[in-house]
Amino acid sequence: RDRTYVHVPNTPKGANPFAPGWQFATVAALPEKPSSRTTILDNRRIESGQKATQVVAMQLTELAPQLPDGAIVALDGGFGNASFVSAAHGVDIGKLMRTANNRTFYRPKAPVLCKAGPGRPRLDGAPFSLKEPSTHGPADQHSSGTDEKGHCIDADCWHNLHFSSCRAATLTLIRVSRQNGLDTKRNPRVIWLIWHGTDMPPLEQIPQTYRLRYCIEHSYRFDKQNLLWTKPRLRTPEKFEIWTNVVGAVHNQITLAYEYQQDFRMPWANPTAEATPEQVRRGLEGIIAQLGTPARPTQPRGKSPGRQLGAVIKKAERFKTIMKSKNQDKRASTKKSN
């Protein structure tokens with residue numbers, strides 16, 4: 001019930017990148033250095049009648065008072081749009097978002113003392129089209145540096161921009177250029193970021209700050225492959241939400257277990273490298289044995305009586321997969337009017 005078509009990453013070339021399933025929005029605390037040591041703060045299912053931007057905005061609204069001062073939220077390209085900026089405009093926290101390279105922003109409207117000609121005055125200033133460099137103009141700030149491998153990274157930013165559908169939110173647009181990028185989808189040479197909030201970090205720290213967002217991708221892989229997040233075939237979304245909370249609790253316990261340094265490594269593993277979550281999970285046996293459990297020992301109950309004679313078992317109820325579309329509401333209203 002309430003399944004939609006969700007994106008499936010890393011599919012073979014030519015395969016359908018969408019499959020039926022339940023979509024979740026995850027907020028996680030990232031480490032200070034690139035690593036897979038993340039802490040799950042909130043997992044919430046995105047219902048078929050909701051948008052991911054709305055759910056994440058609600059999560060940030062609830063979590064913002066509990067986060068430390070100066071915290072920054074790094075979001076992927078699905079949230080660098082006017083819909084999310086409008087929904088999360090009132091959240092008092094800095095947001096660093098990636099945006100598509102074909103979007104258009106606008107500068108502030110110039111003051112008009114006397115309008116000539118008919119029509120309404122312009123609501124926006126000059127356009128800033130990401131795919132048209134002639135509209136960019138000189139950058140307000142520029143920074144050059146290198147990454148940990150010595151490759152050059154350039155960053156330029158332009159202040160006081162906005163979306164035409166969300167003029168109340170003042171944005172800073174940041175262009176990060178990587179000379180070693182292959183200019184492919186997985187390894188782009190140029191990425192565009194949006195900063196929304198006060199007290200923006202120094203421009204030279206922006207590329208390394210946003211790089212930490214990819215740590216959550218390793219968390220997803222660990223939860224799916226090692227903690228069996230997507231393995232159970234549960235029939236209701238409520239049961240899968242409970243299972244998601246169980247997996248998140250186990251994930252956080254493994255993150256806490258890093259401090260005990262009782263990870264178990266295979267003979268071929270690097271003994272000096274930082275332990276992976278799977279290596280820490282293997283070493284939890286010794287920690288759990290010391291902690292004990294408040295549960296009572298299990299008691300044998302004999303054999304199950306089984307089903308009653310003559311019981312009729314109905315087939316599981318089937319539900320159609322919901323196709324989410326931007327024009328879904330418009331089509332529904334057109335059918336009613338016809």
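A compact table of results
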read-out: Relative contact order of region 175-273, defined on C-alpha pairs under 8 angstrom at six or more residues apart (%); value: 13
read-out: Axial C-alpha extent at least 15 Å, average Kyte-Doolittle at least -0.5 - helices from the chain (DSSP); value: 52-63, 237-256
read-out: Ratio of the Cα radius of gyration of the chain to 2.2 N^0.38 Å, where N counts its residues; value: 1.25
read-out: Solvent-accessible surface ranking, highest first, for Lys231, Lys95, Lys51 at 1.4 angstrom; value: Lys231, Lys51, Lys95
read-out: Entries in Lys131/Lys224; Lys239/Lys315; Lys224/Lys303; Lys33/Lys131 that, when Cα-Cα distance is taken, lie over 28 Å; value: Lys131/Lys224; Lys224/Lys303; Lys33/Lys131
read-out: About the Cα centre, charge dipole magnitude for the chain (Lys/Arg +1, Asp/Glu -1 at Cβ), debye; value: 2320
read-out: Accessible area, probe 1.4 Å, largest first, for residues Met58, Met323; value: Met323, Met58
read-out: His218/Glu238 FRET efficiency (R0 30 Å; Cβ-Cβ; nearest 0.05); value: 0.60
read-out: For region 47-70 versus region 162-221, the gap between their alpha-carbon centres in whole angstrom; value: 19
read-out: Probe 1.4 Å - accessible area at Ile313, Å² to nearest ten; value: 100
read-out: For the chain, calculated [θ]222 nm from helices alone, where every DSSP H run of n ≥ 4 adds -39500 (n - 2.57); value: -7000 deg cm²/dmol
read-out: Net charge dipole size for region 1-146 [Lys, Arg +1 and Asp, Glu -1 on Cβ; Debye, nearest 20]; value: 520
read-out: Glu285 accessible area, 1.4 Å probe, all protein chains in place, Å² to nearest 10; value: 150
read-out: Percent carbon-and-sulfur accessible area, the chain, ignoring ligands, DNA and RNA, probe 1.4 Å; value: 52
read-out: Modelled FRET efficiency - R0 56 Å, Val312 with Ala126, Cβ distances, 0.05 increments; value: 0.20
read-out: Global size of region 169-301 as Cα Rg and Dmax, reported in angstrom; value: 21.1, 67
read-out: Exposure ranking of Cys152, Cys215 by accessible area [1.4 Å probe, largest first]; value: Cys152, Cys215
read-out: Coarse-grained scattering of region 51-113 at q = 0.12, 0.29 Å⁻¹, given as base-10 log I(q)/I(0) from a Debye sum over alpha-carbon atoms; value: -0.37, -1.33
read-out: Net length gained if the chain between Thr198 and Leu67 were fully extended (0.36 nm per residue, minus Cα distance); value: 45.6 nm
read-out: Probe 1.4 Å - accessible area at Leu75, Å² to nearest ten; value: 10
read-out: Cβ-derived FRET efficiency at R0 51 Å, Glu278 paired with Thr135, nearest 0.05; value: 0.60
read-out: Where region 28-128 is the region considered: accessible area per residue in Å², 1.4 Å probe; value: 56
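The values are calculated or read from the model by the stated rules, or taken from the named source; none is laboratory data. Predicted, not measured: the structure shown is a model, and the values here were computed from it. Positions of Cβ are backbone-derived with ideal geometry, glycine not excepted, and every protein chain shown enters the neighbour counts. Side chains included, ligands, DNA and RNA excluded: accessible areas come from the protein's heavy atoms. Shrake-Rupley method; radii C 1.70, N 1.55, O 1.52, S 1.80 Å.
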